[in-house]
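Trainee: Mind looking over this structure? Questions follow.
The values are calculated or read from the model by the stated rules, or taken from the named source; none is laboratory data. What you see is a predicted model; the values in this text were computed from it and never measured. No Cβ is skipped: glycine too gets one built from the backbone with ideal geometry, and neighbour counts run over all protein chains shown.
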């Protein structure tokens with residue numbers, strides 16, 4: 001395996017454990033744990049700083065009303081991450097490679113261009129979010145926070161040579177930090193659990209502003225680069241020798257996707273609930289990460305504000321690492337070309353430094369980056385649905401009819417939201433708003 005994803009080398013113990021499970025010598029929970037990892041890495045994309053920006057806006061302005069949007073977006077993410085993992089397991093190819101092999105060259109170049117824009121927008125949100133957290137926590141200028149974040153993320157990427165298990169455990173530890181931080185936040189905030197439950201199960205869209213924030217939530221939750229990356233994380237992790245083993249791998253993968261993205265979904269809901277509890281009554285104008293931090297201190301105490309920043313830093317650093325890995329995979333998969341990891345890291349940092357240089361609002365930039373992601377998202381979704389539904393590609397593992405129907409409906413929802421977004425950008429009337 002190349003440096004477009006996690007190096008499979010130096011994982012002898014994990015590989016032997018997986019082989020023992022596939023050959024029936026190991027079972028139970030101990031049999032599941034060796035396969036736990038790819039979805040954990042992909043899940044960090046669903047807890048990146050872009051989520052912080054959109055979730056804070058949703059909770060502060062609309063309280064618990066948009067929690068159902070987070071739930072729906074998370075369910076769509078589960079479906080497409082599971083399909084992506086299945087593609088890698090069954091075909092031994094990642095999604096970008098499949099596009100290069102089976103689509104006309106002009107289509108491939110357009111898809112690559114759009115996907116690279118999405119990867120850069122992703123890294124802008126992740127890198128800038130981590131830098132904001134460091135800047136606020138340490139009381140240093142934002143530019144210094146960016147420099148420190150750059151050094152930390154590049155340092156983590158250098159450990160990629162230790163093999164996939166090391167990186168999975170490192171990212172998993174950061175996911176645990178983020179989850180623990182928001183568990184603490186929920187205890188510190190006075191959440192109205194009844195209203196929260198109602199918001200989760202009651203679809204409502206109060207006005208045009210809520211609609212645009214909902215588009216941002218979808219863009220921040222269902223991530224194009226994560227859809228590409230997951231297929232690469234599973235394509236070489238362990239090689240199935242027959243269809244029986246492939247079915248076992250797909251079954252383990254589906255379980256992991258549900259668990260990992262359920263955690264990500266709960267973290268996103270916790271973000272909205274924390275913002276709703278802290279800001280909706282009396283501070284509904286809070287829409288920026290910096291303002292949220294400064295407002296949390298008098299409302300919930302210094303501990304709450306500090307926990308918020310720790311989770312933001314963990315989110316920014318880990319998701320930036322994963323975003324760089326995905327960018328490498330997208331480039332090599334589509335155009336069979338790769339660049340050194342330091343150059344990829346440098347190029348993707350440029351937009352964030354430009355944002356700071358021109359004094360643009362960092363949080364507004366994060367939200368706009370999620371809008372770009374929402375526009376780019378149909379590219380991997382449509383391609384993934386096409387390949388995983390094709391018997392010529394997947395054989396007996398092709399999607400069943402009900403999966404095709406649900407996945408098609410999910411894609412249509414995303415396309416519809418993109419139309420709404422473009423209508424809003426060009427000032428066109430949106431029926432009902």
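Trainee: On the basis of being over 23 Å from the mean Cα position of the chain (by Cα), surrounded by 18 or more Cβ atoms within 10 Å (Cβ to Cβ), assigned to a helix (DSSP H, G or I) and at pLDDT below 75, does residue 366 make the cut?
Mentor: When the stated conditions are applied, residue 366 does not pass them.
Trainee: Another question about this same structure. Considering (1) assigned to a helix (DSSP H, G or I); (2) over 29 Å from residue 191 (Cβ atoms); (3) touching a residue at least 40 places away in the same chain (Cβ under 8 Å), say which one residue 239 fails and leave the rest.
Mentor: Result: residue 239 fails condition (1) only.
Trainee: Turning to a different aspect of this structure: Restricting to segment 28-52, name every residue that is under 14 Å from residue 256 (Cα atoms) and assigned to a loop (DSSP other than H, G, I, E, B).
Mentor: Within segment 28-52, 36, 37 qualify.
Trainee: Now for a separate question. Test each condition in (1) over 22 Å from the mean Cα position of the chain (by Cα); (2) at pLDDT below 85 for residue 216 and report the one that comes out false.
Mentor: (1)
Trainee: Among the residues of segment 414-433 satisfying the criterion of being surrounded by 15 or more Cβ atoms within 10 Å (Cβ to Cβ) and either at pLDDT 75 or above or in contact with a strand residue (DSSP E or B) (Cβ under 6 Å, 6 or more places away or on another chain) (or both), which is farthest from residue 223 (Cα to Cα)?
Mentor: Step by step, filter segment 414-433, then rank; the result is 417.
Trainee: A further question on this structure: Go through the residues of segment 242-264 one by one and say whether even a single one is surrounded by fewer than 24 Cβ atoms within 10 Å (Cβ to Cβ), within 21 Å of residue 122 (Cβ to Cβ), modelled with pLDDT of 80 or more and out of contact with any strand residue (DSSP E or B) (no Cβ under 9 Å at 6 or more places or on another chain).
Mentor: The answer is yes, given that some residue of segment 242-264 is surrounded by fewer than 24 Cβ atoms within 10 Å (Cβ to Cβ), within 21 Å of residue 122 (Cβ to Cβ), modelled with pLDDT of 80 or more and out of contact with any strand residue (DSSP E or B) (no Cβ under 9 Å at 6 or more places or on another chain).
Trainee: Could you list, in sequence order, all residues of segment 200-220 that are part of a helix (DSSP H, G or I) and farther than 21 Å from residue 77 by Cα?
Mentor: Passing the criteria: 208, 209.
Trainee: In addition: Looking at segment 185-199, is at least one residue modelled with pLDDT under 90, surrounded by fewer than 18 Cβ atoms within 10 Å (Cβ to Cβ) and assigned to a loop (DSSP other than H, G, I, E, B)?
Mentor: Yes, because at least one residue in segment 185-199 is modelled with pLDDT under 90, surrounded by fewer than 18 Cβ atoms within 10 Å (Cβ to Cβ) and assigned to a loop (DSSP other than H, G, I, E, B).
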